[in-house]
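**Student:** Just passing along the structure, written as structure tokens.
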Amino acid sequence: MIEARHLRVLRAVATTGSFSAAGRELGCTQPAVSQQMKALETSVGTPLLVRSGREMRLTQAGEALVRHASGILAGLTAAEEEVAAIAGLRAGRVRLVSFPSGSSTLVPTALAALRAAHPGTRVSLEEAEPPKSVELLREGDCDLALAFRYEGAAVAEEWDDLVVRPLLTDRLVALVPERHRLARAESVAIGELAREPWIAGCPRCRGQLVQVCESAGFTPRIDFATDDYPAVVGLVGAGLGVAVLPQLAVESVRPRGVRTVALEPAVRRQIVALTLPDLAQVPAVAATLEQLARAAGRQ
């Protein structure tokens with residue numbers, strides 16, 4: 001019989017490449033990992049790993065079992081959560097992954113309302129930008145992911161295998177120093193900023209910036225790049241360049257020394273909550289989805 005704990009160990013070994021690294025990830029010792037792998041190989045009746053010195057690789061059987069492990073573990077999590085929720089969400093648990101500006105705007109309001117309605121439901125929060133957050137969901141490492149995608153992006157993410165709950169449409173705005181020539185403008189075409197030095201955000205937002213600028217006929221000169229939104233605002237406020245940020249990101253910081261100006265034509269991103277079909281039936285996950293949608297409606 002294959003046990004879920006053995007599948008988690010196998011997946012960790014396959015991901016990290018060693019027993020010791022898997023042990024660190026799972027919070028157990030290397031001998032414990034080795035013992036569980038031996039037990040799993042005994043259960044299935046065939047080797048799952050080939051060991052060569054300090055390296056190891058999956059056998060064909062091991063590869064097959066790892067492929068199925070994420071779906072099996074996700075199904076087990078859904079079953080455990082649904083059973084625990086029968087008594088009215090008194091023992092629910094949700095593992096939420098969110099991008100940073102969502103964590104500081106939508107998530108606090110949603111989780112405060114969830115706690116008030118269901119104080120026994122526990123929510124853990126981890127931050128990751130898409131597509132990493134979507135990978136975590138598909139791999140069974142979270143139950144719910146806040147993600148986004150840009151309208152008209154050159155490469156559209158495929159979410160057909162997931163439950164998609166649209167939350168809001170987030171418009172991008174230009175950030176300029178408060179004494180900039182366009183600081184008092186009601187709107188600005190991105191081409192008007194072609195000669196400016198730029199401060200770029202996260203890698204995905206950076207790619208979107210380049211795409212939008214190139215569609216306007218120029219390539220932005222990016223002098224600074226940082227994933228930290230307060231740092232972007234600080235650099236713009238110091239007069240070191242201009243930036244384009246989602247409105248939600250601007251709301252998550254105190255924009256001192258800068259002005260926000262609407263971009264024309266508008267550039268938008270869709271904010272969504274994603275989960276797996278099995279997990280969408282779990283009451284704790286469904287309740288969290290509902291509170292995220294309500295929080296988005298207040299933005």
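**Student:** Tell me, what is the FRET efficiency for residue 43 and residue 169 to the nearest 0.05, using R0 = 45 angstrom and their Cβ-Cβ distance as r?
**Tutor:** Efficiency, from the Cβ-Cβ distance: 0.35.
**Student:** Magnitude of the Cβ-charge dipole of the chain, K/R +1 and D/E -1, about the Cα centre, nearest 20 debye?
**Tutor:** 640
**Student:** Between residue 117 and residue 3, what FRET efficiency comes out of the Förster formula 1/(1 + (r/R0)^6) with R0 = 35 Å and r the beta carbon distance, rounded to 0.05?
**Tutor:** Values: r = 35 Å, r/R0 = 1.00.
The pair residue 3/residue 117 has a calculated efficiency of 0.50.
**Student:** By the gyration tensor of its Cα atoms, with a ≥ b ≥ c the square roots of the eigenvalues, what is the shape of segment 2-66: rounded for a/c under 1.5, prolate for a/b over b/c, or oblate?
**Tutor:** Working: a/c = 1.57, a/b = 1.17, b/c = 1.34.
Oblate.
**Student:** Counting only protein heavy atoms and using a 1.4 Å probe, what share of the accessible area of the chain belongs to carbon plus sulfur, as a whole percent?
**Tutor:** 50
**Student:** Quick one: dipole size for segment 167-267, taken about the Cα centre, charges +1 on Lys/Arg Cβ and -1 on Asp/Glu Cβ, in debye to the nearest 20.
**Tutor:** That gives segment 167-267 a dipole magnitude of about 220 debye.
**Student:** Against the longest principal axis of the chain, how steep is helix 60-84, in degrees 0 to 90 to the nearest 10, with axes from Cα atoms?
**Tutor:** 80
**Student:** Right, next: Computed from the mean reciprocal separation of all distinct C-alpha pairs, what Kirkwood hydrodynamic radius does segment 146-299 have, in Å?
**Tutor:** By the Kirkwood definition, the hydrodynamic radius is 16.6 Å.
**Student:** What full-extension length gain, to one decimal in nm, is calculated for residue 226 and residue 161 as 0.36 nm per residue of separation minus the Cα-Cα distance?
**Tutor:** Extra length available between residue 226 and residue 161 comes to 20.2 nm.
**Student:** Tell me, what is the per residue accessible area of the chain in Å², probe radius 1.4 Å?
**Tutor:** Heavy-atom accessible area per residue stands at 49 Å².
**Student:** Could you grab the relative contact order for the chain? Cα pairs under 8 Å, six or more apart, rounded to a whole percent.
**Tutor:** Reported as a whole number, the value is 23 percent.
The values are calculated or read from the model by the stated rules, or taken from the named source; none is laboratory data. Just so it is clear, the model here is predicted, and its values are computed rather than measured. Please note: Cβ atoms are built from the backbone with ideal geometry, for glycine as well, and neighbour counts cover all protein chains shown. Accessible surface is based on the protein model in full, side chains and every heavy atom, while ligands, DNA and RNA are left aside. Shrake-Rupley method; radii C 1.70, N 1.55, O 1.52, S 1.80 Å.
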